[in-house]
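Asker: Sharing a structure below in structure tokens format, with a few things to ask.
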Amino acid sequence: MVIVFPGQGSQHAGMGRELFAKYPRQAEEASSILGYDLPALCIEDRERKLSRTEYTQPALFVVNALSYLDRGSPRPSHFAGHSLGEFNALWAGGAFDFATGVRLVRKRGELMARVRGGGMAAVIGLPPLQVRKVLASSAVDVANYNSYDQTVVSGLKEDIDAAIPLLERAEAKHVVPLDVSAPFHSRHMKETEVELAAFLETQPIALPHTPVVANATALPYEKDVRSTLLRQICGSVRWIESVEYLLRSGEKEFVEVGPGNVLTKLIRNIRERTPFAN
């Protein structure tokens, strides 16, 4: 069995309501580290902050983590997480403790929120290799290889705007601009990567005791966790390859832990298009 954790975009107001009541110690610890009432943010979101990256990332990490604690089932053979969810996978796999995880995603969210002028778009119905071919001569990067029918691209807003008609002429069914302020998982996040690297050096991080498939390599973490984790800041989330690695390893059951079922749908699409999946 594989446990997978979703990333930014799966958050919603009201998430974690029952979990915060069941796990008050963890809720209090996270709130103390963050400097605000996390349950109030997630459940009520009166100030409409939950959609802001610096708040979204720690909120989703904590709700994902509490959802995992609440499962109470046997330990899986692999963990994986999409973008932010990779931090949950590493925490669950034993690379760092809960408090360290909260500190890591707080810093990641703060740094990523500083970047402006960027944009992202979801390309629907155009194979990933075709998306790459269309973008080969542009300044737009592939942020997420989500499934065979969905690829997310990232770059400066003007470059995204210029790429959209190219993708449409290549017969993408839809190209949907995303409501984000930064070009996540692109070359434009280099400053964030450098600053996060310095912070990671101050935190206790070890090799996980249970295999965690990395976004950057689509293979289990080996040796230096920090350098591999950093590669996802500017690099693509290789979700298709990650799922296919797990399928080739004999995994048949994938359980999404956290709010929503975004990854479950992506995994279903990958299974359907992967010859060795069944």
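Asker: Name the residues in the range 180-211 that are of a type in the set (A, V, I, L, M, F, W, C) and within 23 Å of Thr53 (Cβ to Cβ), would you?
Answerer: Result: Val180, Ala182, Phe184, Met189, Val194, Leu196, Ala197, Ala198, Phe199, Leu200, Ile205.
Asker: Still on this structure, please answer the following. Which ranges mark the helices (runs of 4 or more DSSP H) fully within the range 1-112 that have 1 or more residues being touching a Cys at 6+ places or on another chain (Cβ under 9 Å), among the basic types (Lys, Arg) and more than 24 Å from Gly155 (Cα to Cα)?
Answerer: Fully inside the range 1-112 and qualifying: 17-22.
Asker: So how many residues does the range 65-82 have that are free of Cβ contacts under 8 Å to residues at least 24 places away in the same chain and under 21 Å from the mean Cα position of the chain (by Cα)?
Answerer: Here the count works out to 0.
Asker: Restricting the search to the range 232-258, which residues are open to solvent by 10 Å² or more (accessible area, probe 1.4 Å) and in a loop (DSSP other than H, G, I, E, B)?
Answerer: Correct list: Gly235, Ser236, Arg238, Ser249, Gly250, Glu251, Lys252, Glu253, Gly258.
Asker: Given (1) open to solvent by less than 10 Å² (accessible area, probe 1.4 Å); (2) over 14 Å from Ile233 (Cα atoms); (3) in a helix (DSSP H, G or I); (4) of a type in the set (A, V, I, L, M), identify the lone condition not met by Val134.
Answerer: For Val134, the exception is condition (1).
Asker: Something else: For Asp45, only one of the following conditions fails: (1) within 16 Å of Phe98 (Cβ to Cβ); (2) over 18 Å from the mean Cα position of the chain (by Cα). What is its number?
Answerer: Here Asp45 clears every test but (1).
Asker: Kindly list, by first and then second residue, each pair from a residue in the range 172-188 that is assigned to a loop (DSSP other than H, G, I, E, B) to a residue that is of a type in the set (D, E, K, R) and surrounded by fewer than 20 Cβ atoms within 10 Å (Cβ to Cβ), limited to pairs with Cβ atoms under 7 Å and residues at least 6 apart or on different chains.
Answerer: So the pair list comes out as Ser181/Arg116; Ala182/Arg116.
The values are calculated or read from the model by the stated rules, or taken from the named source; none is laboratory data. Being a predicted model, the structure only gives us computed values, none of them experimental. Virtual Cβ from ideal backbone geometry, glycine too; neighbours counted across all protein chains shown. In case anyone asks, the SASA skips ligands and DNA or RNA and just uses the protein heavy atoms, side chains included. Shrake-Rupley method; radii C 1.70, N 1.55, O 1.52, S 1.80 Å.
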